[in-house]
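The structure under discussion appears below in the form of structure tokens.
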Amino acid sequence: MKPIQPGKWLAKHKYVIFCMIGALLSASAISILLEMKTSNVLSAIFTIIFYCFYQSQKPAWNQHKKLNQTAVMIASIWSFFMMLKGLETFEHYPSAGAIGKLTILLCIFIGCDILFFYSLTYLYKHILHHTLSIEGNRPGGRHYRVFFMIGGIILLCWLPYYCMNYPGVIISDSCDQIGQALSGIYSNHHPVMQTWLIQGVLSIGMHIFNDLSTAVALYCILQMIVLAAIYAYTVSLLYRYGIPRWLCIVNTAFYALMPYNVMFSFNMWKDSLFSAFVLLFTVLLWKIMIDKRANTHQPNTHRPVIVDTILFFIAGLGICLFRNNGFYAFCLVMPFICVICWKTKKEIVAASAATLLLVLFIKGPVFDHFQVASPDMVESLSIPLQQIARVVSDDLEITEEQTALLNQVVEVDAIATTYDARISDPIKNLVRSSGNQTFLEENKGAYLKLWLQLGIRYPFQYLRAYMHQTEGYWYPDVQYWVYADGVCQNQAGLTAAPLLPAEIGDRLQWFAWDSYTEIPLYGLLWSIGTAVWITMMLAGLCYIRGQKMELCIFLPIFALWGTLMVASPVAAEFRYLYAIFLCIPVYISASIYPYQKESSK
């Protein structure tokens, strides 16, 4: 019997050894994140499952180079998120020192990275192997009938819930905007463009009905029609470009029946219209990509080109004027639009330039003319304020000089009892209550230096404060309130007046409010973090398929997400990134569409 040579044995079984180690690390990472006890038998079961899965999915690096590279990049991003979440587990390891904590974080990162990589490669290969067949562009006239049919279906599905919430969902922000509309004193804390829109509709409603409640109902009904039209346009466009009928039916059901789409349709929030404009902008971008690859305009007439240009202009204005961070998203996308459309679609370039110029004019001279008040400086400092507040609330040592500087703009002794790790409003309001924001603005350099000094001294507290302030936008398992109902207390005399019997309302209530917290897996459809992960995965799929130009349609959402990652006032505010849920049907279609190669003419 020949002696076993260790080198050859290792070379022969190195992948088996890698799978064993990878399975152990992945199972350990999951156990740590789920806070499972070390004696939990599920850890062993996870290890066996992961080992078998890794064994069956040996990557062919040379054969699927682009796929593997994309999977590595996305898996590493997701694993970083999981590692960040792992900071919360330290309290379960009180004896762990700095090296022990670093080991825990590395275990989470490496274990999740391996698991995500294999899962992504398996998923990508399966999707590429079973890409849905596209039925070809359908006749141009038919999609108009589809548009009106889908729009009618959506409105009919929304109607019972609107009757249950008549005259509409009116929260404190809505009451503030109604007050501005009635008084003519404006603040850009809420989008002034929407306030003016509310003012115009209320004026018409009051003139016709002489009743504020009915005028508010008119606004909500008009908003429902606009949203239904944008959703119907999106699905009809997907239908026109050959997306399978069953998928168009699923998309219609999503827009018509998903509770958050229903409830946001008649909510007077700025986020409803803003998110719909982002969807319209995204689907028009995708249409531009398809037309450019085919090197064609709409057949037989210039009218659709004009319509598309007008819609693109309106969508751009809506994005820029209905949320402040929407303007930054538009500015990020505009250079790519110019590069892509310069030769074949100059009208889109012109519309983009006109949008930017008009927005700058409105935000400048027009706002000045109407004396629109700008938000205070504190409003944009959510994360730095939360990080400093975390250091103070943890009772960590700060110098007398630093304490004196803080006391100039905030009552330091009240920070510990005021600080909320996931909402910055309490701390911001504490700063506002001092009434000394002028000093903060005049000494920005000193406070920037203070923030940096504390960050260098207490990086762990800063990292935990950041994690808690943003976790809903990158970690899937975070549940927070999604939407409101009814009418908040107000001085205008508005009250809820349901048009349906209470018995019917109670039956609709569970589906709209409690179902996503009680039905397993269904809650993923309500998770901001899950939507972000899915969007990243679909962007990766476009890249793998060689559709680099189509990555442009993901830029608006990633830009909005980026602004939340650096300045979110709430850890998981659904409405702030509601647009991503609306855009996912377009992203799915873009990732499976068999694009024609661009003409060389």
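None of the figures in this text is laboratory data; all of them are computed from the coordinates on show. These numbers come from a predicted model, not from an experiment. Heads up, the Cβs are rebuilt from the backbone with ideal geometry, glycines too, and the neighbour counts pull from every protein chain shown.
Per DSSP H run of at least 4 residues, take -39500 (n - 2.57); add these up for the chain, divide by its residues and hand me the 222 nm value, nearest 500 deg cm²/dmol. Write down the numbers at each step before the final one.
Working: 26 runs with 404 residues, N = 601.
Value at 222 nm, helices only, nearest 500: -22000 deg cm²/dmol.
Can you tell which of SER183, SER203, TYR124 lies farthest toward the positive end of the dipole of the chain, using +1 and -1 charges on the Cβ of basic and acidic side chains (Lys, Arg; Asp, Glu)?
The Cα lying farthest towards the positive end belongs to TYR124.
If the cut-off is a Cα-Cα distance under 23 Å, which lysines reach LYS14, setting aside same-chain residues fewer than 8 apart in sequence?
Filter leaves LYS2, LYS58, LYS65.
Please state the shape class of the range 381-453: rounded when a/c is under 1.5, otherwise prolate if a/b exceeds b/c and oblate if not, all from the C-alpha gyration tensor.
Working: a/c = 1.43, a/b = 1.13, b/c = 1.27.
Rounded.
Which Cα, out of TYR15, GLN386, SER589, lies furthest along the positive dipole direction of the chain (beta carbon charges, K/R +1, D/E -1)?
Positive-most Cα among the choices belongs to TYR15.
From the square roots a ≥ b ≥ c of the eigenvalues of the alpha-carbon gyration tensor of the range 406-507, which class results: rounded (a/c under 1.5), prolate (a/b over b/c), or oblate?
In terms of gyration-tensor shape, oblate.
About the Cα centre, and with charges only on the beta carbon of Lys, Arg (+1) and Asp, Glu (-1), how big is the dipole of the chain? Nearest 20 debye, please.
The dipole magnitude comes to about 3560 debye.
Size of the dipole of the range 455-579 about the Cα centre, Lys and Arg at +1 and Asp and Glu at -1 on the beta carbon, nothing else charged, in debye to 20?
600
Under 5 Å between amide hydrogens, which residues at least 5 positions from VAL487 or on another chain qualify, with H placed 1.01 Å from N in the peptide plane?
Under 5 Å from the amide H of VAL487 lie the amide H atoms of ILE170, ALA496, each far enough along the sequence or on another chain.
Kindly rank 181-194, 97-110 from highest to lowest mean number of other beta carbons found within 10 Å of each residue. Present the calculation step by step, with values, prior to reporting the outcome.
Details: 181-194: 17.3, 97-110: 15.2.
So the order, starting with the most tightly packed, is 181-194, 97-110.
With a/c under 1.5 counting as rounded, go ahead and sort the chain into rounded, prolate or oblate using the C-alpha gyration tensor (a ≥ b ≥ c being the square roots of the eigenvalues; past the cut-off, prolate if a/b is larger than b/c, else oblate). Let's see the in-between values first.
Details: a/c = 1.70, a/b = 1.15, b/c = 1.48.
It comes out oblate by the Cα gyration axes.
With a 10 Å radius around each residue's Cβ, average the other Cβ atoms per peptide and rank 282-289, 408-415, highest first.
282-289, 408-415
Might you report the magnitude of the Cβ-based charge dipole of the range 317-393 about its Cα centre, with Lys and Arg at +1 and Asp and Glu at -1, to the nearest 20 debye?
Details: 6 positive and 4 negative charges, 73 e Å.
Value, rounded to 20: 340 debye.
Which entries in LYS85/LYS548; LYS66/LYS548; LYS37/LYS101; LYS101/LYS428; LYS270/LYS363; LYS66/LYS287 show an alpha-carbon gap greater than 24 Å?
Exceeds cut-off: LYS85/LYS548; LYS101/LYS428; LYS66/LYS287.
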